[in-house]
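The values are calculated or read from the model by the stated rules, or taken from the named source; none is laboratory data. Computed from a predicted model, the values in this text were never measured in an experiment. Methodologically, a virtual Cβ is constructed for each residue, glycine included, from the backbone with ideal geometry; neighbour enumeration extends over all protein chains shown. The protein model used for the area step is the full one, side chains on, heavy atoms only, and it has no ligands, DNA or RNA in it. Shrake-Rupley method; radii C 1.70, N 1.55, O 1.52, S 1.80 Å.
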Amino acid sequence: MQKNTWLKYDEKDIADLESLSNQYKSFLSQCKTERECTAFFVKEAEAAGYRNLEDLVETDTVLRTGDKVYAVGMGKTIALFQIGKEPMTNGMNILCAHIDSPRLDLKQVPLYEDTELTYLDTHYYGGIKKYQWVTIPLAIHGVVAKKDGTVEKMNIGEDENDPVVYVTDLLVHLSGKQMQKKASEVVTGENLDILIGSRPLADVEKDAVKANILQLLKEKYDMEEDDFLSAELEIVPAGPARDCGLDRSMIAGYGHDDRVCAFPSFQAFLETEVTERTSCCLLVDKEEIGSVGATGMQSVFFENAVAEILALTGTDSNLAVRRALARSKMLSSDVSAAYDPAYAEAFEKKNAAYFGKGLVLNKYTGSRGKSGSNDANAEYLAQLRRIFDDADVSFQTAELGKVDVGGGGTIAYIAALYGMEVVDSGVAVLSMHAPCEVISKADLYEAKKGYVAFLKNA
């Protein structure tokens, strides 16, 4: 088994590791939705000299070596490019990750009152263990789009003076029948309703608590009940990411999957100077529900952005787009399941990911007979081994648990449809898809080092 990465660090490494970890904790605490992540990346990119592709297309700006460009899709996905010395038709080096995470979404008609308690009805998003989402402090993040065209941001539950919202559970004293159910049925999806109020509005005869909530929403957000129809409000765990462990070697927080890959990918991208090949950082939405929709990897958002950039470099043809994509190399950076000795029966030790052993490469994901997998080429893996070894990047290889136990997918197979070389790479996570997940700071640090080495040398 590979040596624990912590043992190779000197004082400078530890200082750099802690600096990156603190930046990441701040990002993870602030950015709990795909919209918030995209807004953060746009702000940071513009500060680093990146220009909006829409503006460049409108002015027919010519792009040259070293130019920095970003494109945003519907406020939920972003692609950044740094034009390299070689023609883009020679291919790009692409870091890709997703910025959506499992959560609870509000239904379009969510607000109701029952026995003078008021709730918001939800529909869970992504793969979750539903029982994990009860009896914890929750926050509301998102936007409310109104008929007049205005869009109001909402963030309730993160400030220390904010209230939180909550999903109730049956008390243990009365839960004998509930405790006999399968874990998947202990809490049903329709029972994941958010408790938001119990105080009635004076002089209102029917649904007085609901009326009070609507009055509060009107006062603060100028929001009517019908505005829920065009709102995107996400229910996420409240509170900041924190150091975990007495030795502060880990980070506990919501949304490590997959922001623990998105953040170091973005940081590595910003810190890398112009390279031979064009560099790209692609951060997408909707991976947790199959990469569908206009902001998921299955959309043509990325392909369109590449086409627009090629046109601005003087190469405007469908064939050029196809060549640029087919000759590209990608790290599809998504998290891997960390070996958990408490649940050892789910893992095969020789082919598991471990805390403190560095960046994880998954040659294939999928389930059982590699269903839904990309299954990267051996030649590409050999190239990456050389790149990481030359840059002193600690890395490991893994599968997602035992062969017949379960499985999961990523976006790698979608990018591979272009004919490019793709492999899954990322950070090992404990309690993946739970409201609070845990990662190793050392693995975060090695991931960023690995992403820099890839951009420079692939």
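Brief remarks follow.
- Length-normalised contact order of the chain in % [C-alpha pairs under 8 Å, at least 6 apart]: 22 percent
- Binned Cα-Cα distances of the range 258-357, short to long, each 5 Å bin given as a whole percent: 2, 10, 15, 17, 17, 14, 10, 6, 5, 2, 1, 0
- Cα extents for the range 175-233 along the principal axes, largest to smallest and rounded to whole angstrom: 45, 29, 16.
- Across the range 115-211, the relative contact order, built from alpha-carbon pairs under 8 Å that are at least six residues apart, equals 40 percent.
- With semi-axes defined as the square roots of five times the eigenvalues of the C-alpha gyration tensor, the equivalent ellipsoid of the range 294-401 measures 34, 17, 12 Å, largest first.
- Computed [θ] at 222 nm, helices only, for the chain once each DSSP H run of length n ≥ 4 contributes -39500 (n - 2.57): -9000 deg cm²/dmol
- Convex hull volume of the chain per residue (C-alpha atoms, cubic angstrom): 163 Å³
- Ratio of the Cα radius of gyration of the range 29-163 to 2.2 N^0.38 Å, where N counts its residues: 1.41
- Separation of the ARG386 and THR59 label points, Cα + 7 Å toward Cβ, nm: 4.2 nm
- Principal axes of the range 194-260: Cα extent on each, largest first, Å: 56, 27, 18
- Share of Cα-Cα pairs in the range 91-217 lying beyond 27 Å, as whole percent: 32 percent
- Summing charges over neighbours of SER371, with a neighbour being any other residue whose Cβ is under 14 Å away from its Cβ, gives -1 when K and R count +1 and D and E count -1.
- Taking the range 374-439 and dividing mean pair separation by its residue count, relative contact order in percent (alpha carbons under 8 Å, at least six apart): 31 percent
- From phi via Karplus (6.51, -1.76, 1.60), per-residue ³J(HN,Hα) for the range 55-72 in Hz, x at Gly/Pro: 5, 5, 5, 4, 9, 6, 6, 7, 9, 10, 3, x, 5, 10, 9, 9, 10, 10
- Shown for the range 1-154: the carbon plus sulfur share of the solvent-accessible area, taken with all protein chains present and a 1.4 angstrom probe, equals 50%.
- With N as its number of residues, the range 169-304 has a Cα radius of gyration that, divided by 2.2 N^0.38 Å, comes to 1.59.
- Between LYS220 and GLN108, the C-beta separation translates, for a Förster distance of 25 Å, into a calculated FRET efficiency of about 0.75.
- DSSP-assigned coil residues among GluC sites (Glu not before Pro) in the range 332-404, each with at most 15 further Cβ atoms within 10 Å: GLU348
- Out-of-range pairs (alpha-carbon distance over 28 Å; input LYS107/LYS147; LYS25/LYS182; LYS3/LYS43; LYS130/LYS206): LYS25/LYS182; LYS3/LYS43; LYS130/LYS206
- Cα gyration tensor, the range 58-127 - rounded (a/c under 1.5), prolate or oblate: prolate
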